[in-house]
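One structure is given below, encoded as structure tokens.
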């Protein structure tokens, strides 16, 4: 369960564009979370992507490190997210975007991402009930 497979990654340009045009947003500095319902052609409840803007973090090394850390936090917390989405027949697409210019500590990223994912699960449960 502690994996992050290729099938779980958000890659389709159409789904990514739909996220930013008609998606829902949860903001918890320094991370912003966009999510939206998607057309289900598989059995993955949530496809997710990670992004760090080149404008805010100039160094590619630092951008890649932040994305690795965000993926790791998600990978370790994914089981709770999938359990929260267990009874939901809808499928979702999401994007986690790092928005600050400073390098974060892993602990801060972990705290903020888990807080965002918990709020996301509450939002989704509120829409289905």
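Residues 50, 2 in ascending order of nearby Cβ atoms (within 10 Å, fewest first): 2, 50. Each of residue 40 and residue 13 was given a label point 7 Å from its Cα along the Cα-to-Cβ line. The distance between the two points is 2.8 nm. Taken as Cα centroids, the range 84-104 and the range 1-41 sit 6 Å apart, rounded to the nearest whole angstrom. In the list (i) 21.9, 73; (ii) 14.8, 46; (iii) 14.0, 44, the label attached to Rg and Dmax of the Cα atoms in Å as derived from the coordinates here is (iii). Note on the chain: GNM, Cα springs under 10 Å; of 78, 14, 110, the largest mean-square fluctuation is that of 14.
Compared with the dominant Cα axis of the chain, that is its longest principal axis, helix 60-84 is turned about 30°.
What's the exposure ranking of 70, 103, 95, going from fewest to most Cβ atoms within 10 Å?
Details: 70 24, 103 11, 95 21.
By the 10 Å Cβ count, ascending, the order reads 103, 95, 70.
Extension gain for residue 3-residue 107 works out to 35.4 nm (0.36 nm per residue, less the C-alpha to C-alpha distance).
Computed extension length for residue 118-residue 100: 4.4 nm, one decimal, from 0.36 nm per residue of separation with the Cα-Cα distance subtracted. Build a GNM of the chain with springs between Cα atoms under 10 Å apart, and of 44, 52, 73 the one that fluctuates most is 44.
Take every Cα pair under 8 Å whose residues are at least 6 apart in sequence, average their separation, divide by the length of the chain, and the relative contact order is 36 percent.
For the pair residue 75 and residue 24, how long in nm is the line joining their label points, each one 7 Å along Cα→Cβ? For residue 75 paired with residue 24, the spin-label model returns 2.8 nm.
For residue 62 and residue 86, what does the FRET efficiency come to when R0 = 25 Å and r is the distance between their Cβ atoms, rounded to the nearest 0.05? Provide the component values of the computation, followed by the final result.
On the way: r = 36 Å, r/R0 = 1.45.
Efficiency at R0 = 25 Å is approximately 0.10.
The C-alpha atoms of the chain define a longest principal axis, and helix 106-128 lies at about 20 degrees to it.
Once the Cα atoms are used to define both axes, helix 13-22 deviates from the longest principal axis of the chain by about 90 degrees. Over the chain, dividing the summed -39,500 (n - 2.57) contributions of all DSSP H runs of at least 4 residues by the number of residues returns a 222 nm mean residue ellipticity of -15500 deg cm²/dmol.
Every read-out reported here was derived from the displayed coordinates using simple, explicitly stated rules and does not represent laboratory data. What you see is a predicted model, and the numbers here were worked out from it, not measured in a lab. In this analysis, Cβ positions are derived from the backbone assuming ideal geometry, glycine residues included, and neighbour counts consider all displayed protein chains.
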